[in-house]
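Engineer: The following block contains the structure, expressed as structure tokens.
Every read-out reported here was derived from the displayed coordinates using simple, explicitly stated rules and does not represent laboratory data. It should be emphasised that the depicted structure is a prediction, and the values quoted were computed from it without experimental measurement. Backbone-built Cβ (ideal geometry, glycine too); neighbour counts: all protein chains shown.
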Amino acid sequence: MQLQPIKQSFKVQYDYQLYFTSGLFSLENPLFEKLIADYKDFEPVKLLFVIDDGVKNHHPALINQISAYCEKHQQTIKYTSALVLPGGEQVKNSDEAVESVLKGVNDNKICRHSFVVVIGGGAVIDMVGYAAAIAHRGVKLIRIPTTVLSQNDSAVGVKNSVNAFKKKNFLGTFAPPYAIINDSNFLKTLEQRDWISGISEAIKVALIKDKSFFEYISDNATKLKHREMEPMQYVIYKCAEMHMQHIAQGGDPFESGSSRPLDFGHWAAHKMEFMTNYELRHGEAVAKGIALDVTYAQLTGLISEADLQHILDVMISIGFDLTLPVESSNEIQSLLDGIEEFREHLGGQLTITLISDLGVKHDVHTIDMELMAQAILKLNHQFALN
């Protein structure tokens with residue numbers, strides 16, 4: 001008897017939303033309670049909070065505020081506990097943090113009808129999202145990002161990850177969060193380098209998708225540097241909107257193909273983070289990576305010297321240091337090795353996104369290594385003279 005293959009197909013609908021507020025856990029703010037109430041079935045929903053220690057240090061009353069908020073809304077919310085874990089990229093480099101979150105899920109009996117709520121920067125959100133995605137094959141996650149970069153980029157996507165084998169984001173999942181909530185109050189206590197670094201992701205998406213948005217960033221570079229909230233809020237909103245539109249409407253939300261335009265500037269950024277033992281913030285490395293790739297684009301004739309200088313001037317005006325952390329020929333080669341590592345991480349054909357004009361992306365499938373080395377030297381020479 002000849003048995004025929006059994007074939008089926010199905011689609012899964014994903015819905016997730018990004019909310020904007022100020023003072024999320026103020027007793028007068030209804031947003032968080034309403035989010036949980038919209039999900040609530042027949043009993044209060046259990047929540048496990050995981051908090052970046054940097055956030056806790058800058059907002060020492062936060063845990064008490066959360067507890068009081070949950071107590072006020074106890075018919076909807078059941079507060080279990082709050083884990084405080086180190087922030088920064090190093091939290092993604094060991095198993096301890098993931099194990100702590102998984103232990104918290106287990107000890108507090110968090111199930112697939114419960115929520116993990118993560119409050120912190122992009123690295124903590126990445127790590128906690130990964131732990132939530134593998135616990136019980138997926139516990140619902142609410143992200144509350146607290147940095148510019150996480151509010152406009154990393155926390156508004158559908159990816160979760162940790163580092164392994166000395167490679168960034170080697171382990172990870174695609175798991176959209178239940179919701180993301182941007183609270184502008186958290187931005188007020190950021191260090192200057194964290195305030196600035198997230199703007200690189202806005203520059204990235206503007207350069208590959210929207211010239212007018214790039215010119216807005218250019219026109220407001222000084223205001224952004226000096227921490228004016230109104231232009232920053234617009235930059236965060238527009239950047240997040242464009243990222244979410246790309247994920248939902250770009251045709252490849254889980255990155256099955258070879259093109260990843262939202263990783264413009266990232267092949268070098270990921271490698272430089274590793275080469276500096278993650279002393280570079282991700283956004284700082286992205287700024288350097290963008291500077292390198294637009295310099296390479298100019299050397300290949302894709303963009304003019306005037307456009308290159310305009311891009312670099314905007315980033316310098318915001319406050320970015322665009323010097324690459326390489327000096328010797330061995331370090332240059334190590335950085336260039338990041339191109340193949342980037343391809344291996346994605347798989348398939350090498351695809352590096354460049355630009356052919358402001359707001360116009362241009363994918364290439366080969367890189368002239370000698371010319372890229374020249375771009376490294378040109379960039380470092382230019383800023384060594386400044």
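Engineer: Nearest 0.05, what FRET efficiency do Arg193 and Gln65 give at R0 = 30 Å with Cβ-Cβ as r?
Structural biologist: 0.65
Engineer: I want to check the label-to-label distance for Asp15 and Glu340. Put each point 7 Å from Cα in the C-beta direction and report it in nm to one decimal.
Structural biologist: 4.8
Engineer: What dipole magnitude, in Debye to the nearest 20, does the chain give about its Cα centre under +1 on Lys/Arg Cβ and -1 on Asp/Glu Cβ? If you can, show how the numbers build up before the last one.
Structural biologist: Values: 35 positive and 47 negative charges, 255 e Å.
Magnitude of the dipole: close to 1220 debye.
Engineer: Oh, and also: What are the ³J(HN,Hα) values, in whole Hz, obtained from phi via the Karplus relation 6.51 cos²θ - 1.76 cosθ + 1.60 with θ = phi - 60°, for each residue of the range 68-73 in sequence order, with x given for Gly and Pro?
Structural biologist: 5, 5, 5, 5, 4, 10
Engineer: Do the sum for the chain: with -39,500 (n - 2.57) for every DSSP H run of n ≥ 4, divided by all residues, what is the mean residue ellipticity at 222 nm, to the nearest 500 deg cm²/dmol?
Structural biologist: -14500 deg cm²/dmol
Engineer: Taking every DSSP beta bridge with both residues inside the range 17-189, roughly what % is antiparallel (nearest 5)?
Structural biologist: Here the antiparallel bridges make up roughly 15 percent for the range 17-189.
Engineer: Shifting gears a bit: Applying the Karplus parametrisation 6.51 cos²θ - 1.76 cosθ + 1.60 with θ = phi - 60° to the phi angles of the range 284-294, what ³J(HN,Hα) value in whole Hz is obtained for each residue in order, glycine and proline being reported as x?
Structural biologist: With coefficients 6.51, -1.76 and 1.60, one gets 5, 5, 5, 4, 5, x, 4, 4, 5, 5, 6 Hz.
Engineer: What does the charge count near Lys271 come to, summing +1 for each Lys or Arg and -1 for each Asp or Glu among other residues with Cβ under 9 Å from its Cβ?
Structural biologist: Once positives and negatives cancel, what remains is -2.
Engineer: May I pose another question? In the chain, what % of DSSP beta bridges are antiparallel (nearest 5)?
Structural biologist: 30
Engineer: Right, another one. Rounded to the nearest 5, what % of the DSSP beta bridges within the range 104-261 are antiparallel ones?
Structural biologist: So the antiparallel bridges in the range 104-261 amount to around 40 percent.
Engineer: Work out how much length Glu241 to Leu377 would gain on full extension: take 0.36 nm times their residue separation and subtract the Cα-Cα distance, in nm to one decimal. Each step should come with its number before you reach the end.
Structural biologist: Values: separation 136, 0.36 × 136 = 48.96 nm, distance 3.55 nm.
That works out to 45.4 nm of additional length.
Engineer: Separate question: Would you work out the relative contact order for the chain, in percent, from Cα pairs under 8 angstrom that are 6 or more residues apart?
Structural biologist: Normalised by residue count, the contact order of the chain is 14 percent.
Engineer: To continue, here is another question. Averaging sequence separations of C-alpha pairs under 8 Å and six or more residues apart, then dividing by the length of the range 12-143, give the relative contact order as a whole percent. Don't skip to the end; give the middle numbers.
Structural biologist: On the way: 194 pairs, mean separation 35.0, N = 132.
Once divided by the residue count of the range 12-143, the mean separation gives 27 percent.
Engineer: Something else about it: Tell me the net charge near Val148. Cut-off is 9 Å between Cβ atoms, Val148 excluded, with +1 for each Lys or Arg and -1 for each Asp or Glu.
Structural biologist: -3
Engineer: Something else about it: Which of the lysines could a cross-linker bridge to Lys166, judged by Cα under 26 Å and excluding same-chain residues fewer than eight apart?
Structural biologist: Within the straight-line limit of under 26 Å, Lys166 reaches these lysines: Lys92, Lys103, Lys204, Lys271, Lys288.
Engineer: A further question on this structure: Below 14 angstrom from the Cβ of Ala240, what's the summed charge of the other residues (Lys, Arg +1; Asp, Glu -1)?
Structural biologist: Residues close to Ala240 contribute a combined charge of -1.
Engineer: Give me the percent relative contact order of the range 130-190, please, defined on Cα pairs under 8 angstrom at least 6 residues apart.
Structural biologist: Taking the mean separation of contacting Cα pairs over the length of the range 130-190, I get 39 percent.
Engineer: Please report how far the C-alpha centroid of the range 118-157 lies from that of the range 324-386, rounded to the nearest whole angstrom.
Structural biologist: 29
Engineer: With point charges of +1 on the Cβ of Lys and Arg and -1 on the Cβ of Asp and Glu, referenced to the Cα centre of the chain, which listed residue (Val139, Asn160, His59) lies farthest in the positive direction of the dipole?
Structural biologist: About the Cα centre, the residue reaching furthest to the positive side is Val139.
Engineer: Listed highest first by mean packing, meaning other Cβ atoms within 10 Å per residue, what order do 92-103, 177-188 come in? Intermediate results must be reported in sequence, preceding the final value.
Structural biologist: Details: 92-103: 17.0, 177-188: 20.8.
Descending packing order for the listed peptides: 177-188, 92-103.
Engineer: Which aspartates and glutamates, on any chain, are close to Lys211 with Cα under 13 Å apart, when same-chain ones fewer than 8 places away are left out?
Structural biologist: Asp219, Asp307, Asp357
Engineer: May I pose another question? Using a Förster distance of 41 angstrom, determine the FRET efficiency expected from the C-beta separation of Leu27 and Phe254, and round it to 0.05. Write out the running numbers ahead of the final one.
Structural biologist: Values: r = 39 Å, r/R0 = 0.96.
Once rounded, the FRET efficiency stands at 0.55.
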